[in-house]
1. Quick check, is Lys65 basic (Lys, Arg) and within 11 Å of the chain's Cα centre (by Cα)?
2. Output the residue which, of all residues in region 38-62 that are farther than 26 Å from Val11 by Cβ and of a type in the set (S, T, N, Q), is surrounded by the fewest Cβ atoms within 10 Å (Cβ to Cβ).
3. Please go through region 1-37 and give me each residue that is among the polar types (S, T, N, Q) and either surrounded by 11 or more Cβ atoms within 10 Å (Cβ to Cβ) or modelled with pLDDT of 95 or more (or both), ordered by number.
4. Quick one: is Arg18 of a type in the set (Lys, Arg) and free of Cβ contacts under 8 Å to residues at least 24 places away in the same chain?
5. Determine whether region 36-56 contains at least one residue that is touching a Ser or Thr at 6+ places or on another chain (Cβ under 7 Å), of a type in the set (A, V, I, L, M) and free of Cβ contacts under 8 Å to residues at least 12 places away in the same chain.
Amino acid sequence: MKAEGTNDADVIAGIEQRIAKAWVERDRSTSDAILAPEWSVTDASGQVLTKEQVLQQTFASTDRKIDSMAIDD
């Protein structure tokens with residue numbers, strides 16, 4: 001549900017900011033809640049990773065840490 005006076009672009013931008021903050025703060029539960037169960041991503045090598053694979057790689061180890069994230073056009 002969106003607030004009166006907001007458009008879809010504003011809603012999406014807010015979600016993007018929430019997910020970026022969750023990655024930086026290592027907040028797996030928020031990331032899990034925002035991303036759809038069928039969400040996937042293609043990495044730089046062309047490999048398709050599922051939501052669970054990305055969450056596991058990102059949050060199960062301290063080897064990878066996102067220090068900052070910026071959302072742009």
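The values are calculated or read from the model by the stated rules, or taken from the named source; none is laboratory data. Please read these numbers as outputs of a predicted model, since none were measured by experiment. Ideal geometry is used to build each Cβ from the backbone, glycine not excepted, and the neighbour counts take in all protein chains shown.
1. Details: basic (Lys, Arg): yes; within 11 Å of the chain's Cα centre (by Cα): no.
Here the answer is no, as Lys65 does not meet what is asked.
2. Looking at the filtered set, the residue picked out is Ser45.
3. Here is the first cut: in region 1-37, the residues among the polar types (S, T, N, Q) are 6-7, 17, 29-31.
Across region 1-37, the qualifying residues are Thr6, Gln17, Ser29, Thr30, Ser31.
4. Numbers: of a type in the set (Lys, Arg): yes; free of Cβ contacts under 8 Å to residues at least 24 places away in the same chain: yes.
It is true that Arg18 is of a type in the set (Lys, Arg) and free of Cβ contacts under 8 Å to residues at least 24 places away in the same chain.
5. Taking region 36-56 as the starting set, the residues that turn out to be touching a Ser or Thr at 6+ places or on another chain (Cβ under 7 Å) are 40, 48-51, 55.
Narrowing further to those that are of a type in the set (A, V, I, L, M): 48-49, 55.
Filter again for free of Cβ contacts under 8 Å to residues at least 12 places away in the same chain, leaving 48-49.
Yes, the conditions are met somewhere in region 36-56.
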